[in-house]
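The values are calculated or read from the model by the stated rules, or taken from the named source; none is laboratory data. Note that this is a predicted model, so its numbers are computed, not measured. Cβ placement follows ideal geometry from the backbone for every residue including glycine, while neighbour counts extend to all protein chains displayed. Protein only, heavy atoms only, side chains kept; ligands, DNA and RNA dropped before computing areas. Shrake-Rupley method; radii C 1.70, N 1.55, O 1.52, S 1.80 Å.
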Amino acid sequence: MRHKQLHPVFFFPSSRPQATARTHQTRNRAEKQEIKPMKPRSRCSSVINGAPLLLVVVVCFGLSPVARSQSSDSCSTPASLAAGVSKLIPFDTSNLTCFDAWSSENFIVRYTSSGSTWSFVLSAPDKGGYVAVGFSQDGAMVGSSAVAGWSSGNGVGGVAKQYKLGGTSSRSCPPDQGSLSLVAKNTLVVAQSSRIYVAFQFTAPQPTPYLIYAVGPSNTNPSGNGDYLAQHRVYTSAAVNYAAGTTSSAGGGAADTKKWHGAMAGLGWGVLMPVGIALARYFKKHDPFWFYAHISVQGVGFVLGVAGVVAGFKLNDDVPGGDTHQAIGITVLVLGCLQVLAFLARPDKSSKVRRYWNWYHHNVGRAAVACAAANIFIGLNIAHEGNAARAGYGIFLVVLALVAVFLEVKLWRSRRSG
């Protein structure tokens, strides 16, 4: 059986080719009308209309420093305030001296004076808490006055108030109090570009030689706490030369003097003097060792104590408890000097007045040590030392008292048996 070979047959009606051509033309026109170039949404779009990728990368990275610069501040040229900040401050800011106050926290201080009126602008990053600048005579926070400011959260303004720093607790630093004679209506906060500017003016012949800077806890608004400040997250102090526009760490000045005062006075009056008394009281059978040991220890203690008192006179006494601490310190110094004079004028052992001299020498020395011990605790409290310092000296006194009781009982038994 023979099969016929089949061939495919295509039908092309006469009307179809023309219709098909028209259809293609219509579709092409529609596609041209529907396809429109998309507008770029940002400057950092990847590739637009065939723009080179390298150019886009350069633009993107070139814009990032600009964005970062808007949230920073420095004393480099130009050192003046930005126009957007300056126009919101009610006093002249065109000729301010600028210095980097606290590099780790990016604090910038600008100031100027016109007669007895001083203008200050503190610039710092806005972290949702307060920033503050205090004015201190010796670099100590307690006893000084400060101006603190914080943003209101609307990105424009905020709140600025003066505080009297009477202690380390929140309630000991009341708002709207202090020794600064602020110019009315010229204390304010400007918030701009993630920074906070605390501007204020006060009248004074000369600002204090030390400035104190503090940063409050982040995202803690004092307005919700009756404007009382929470304890600072970190703070520092620095000496300022207003004539030269320079600043230096306070560590080389009053802070060191305070440490030397506490160390020398505490060691001299509070440690060596009691030990010297114990040597004279309980070791007389080791003659003449006890005598030379007694005068040596007491002599070193007296020299250190006097040096500590001299260092204390250089410190600011305008702090709570300062007058009492100073008065007791002077009393201890006078008693110590009387002891030295008594030693130089001591009568012979065979003299009839020797017994009166012994009574005077013993009791004046004990009174001096008792006053010194009490004054050490007062000083630690004024310096706001931690409980560890108080506990350490308290333990020393307790151990010394226990040893004295033991030796006293031993001495009493020795005399009774003799």
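Data overview
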{"quantity": "Failed item in (1) in contact (Cβ under 8 Å) with a residue 60 or more places away in the chain; (2) within 41 Å of the chain's Cα centre (by Cα); (3) open to solvent by 80 Å² or more (accessible area, probe 1.4 Å), with G266 passing the rest", "calculated": "(3)"}
{"quantity": "Any hit, the stretch 319-326, residues being open to solvent by less than 40 Å² (accessible area, probe 1.4 Å), closer than 21 Å to W260 by Cα, in the same structural domain as P274 (by the TED database) and assigned to a helix (DSSP H, G or I)", "calculated": "yes"}
{"quantity": "Hits in the stretch 142-165 (condition: open to solvent by less than 30 Å² (accessible area, probe 1.4 Å) and either under 14 Å from L229 (Cβ atoms) or β-branched (V, I, T) (or both))", "calculated": "V142, S144, S145, A146, V147, A148, G149, W150, A160, Q162, Y163, L165"}
{"quantity": "Strands (runs of 3 or more DSSP E) contained entirely in the stretch 163-243, each with at least 2 residues that are touching a residue at least 40 places away in the same chain (Cβ under 8 Å) and in contact with a helix residue (DSSP H, G or I) (Cβ under 8 Å, 6 or more places away or on another chain)", "calculated": "188-192, 210-215, 234-241"}
{"quantity": "Among residues of the stretch 395-407, those that are over 23 Å from G305 (Cβ atoms) and either surrounded by 14 or more Cβ atoms within 10 Å (Cβ to Cβ) or under 21 Å from the mean Cα position of the chain (by Cα) (or both), counted", "calculated": "1"}
{"quantity": "Matching residues in the stretch 166-177 - criterion: being touching a Lys or Arg at 6+ places or on another chain (Cβ under 9 Å) and open to solvent by 40 Å² or more (accessible area, probe 1.4 Å)", "calculated": "D176, Q177"}
{"quantity": "Yes/no for Y197 being within 22 Å of the chain's Cα centre (by Cα), surrounded by 21 or more Cβ atoms within 10 Å (Cβ to Cβ) and over 26 Å from V142 (Cβ atoms)", "calculated": "yes"}
{"quantity": "Sole exception among (1) open to solvent by less than 20 Å² (accessible area, probe 1.4 Å); (2) out of contact with any strand residue (DSSP E or B) (no Cβ under 9 Å at 6 or more places or on another chain) for Y130, by number", "calculated": "(2)"}
{"quantity": "In the stretch 244-263, the residues that are modelled with pLDDT under 85, outside any helix (DSSP H, G or I) and open to solvent by 40 Å² or more (accessible area, probe 1.4 Å)", "calculated": "S248, S249"}
{"quantity": "Qualifying residue in the stretch 387-394 (condition: over 21 Å from S169 (Cα atoms), open to solvent by 50 Å² or more (accessible area, probe 1.4 Å), among the aromatic types (F, W, Y) and in a helix (DSSP H, G or I))", "calculated": "no"}
{"quantity": "Qualifying residue in the stretch 281-290 (condition: open to solvent by less than 40 Å² (accessible area, probe 1.4 Å), in the same structural domain as L344 (by the TED database) and either among the acidic types (D, E) or not in a loop (DSSP other than H, G, I, E, B) (or both))", "calculated": "no"}
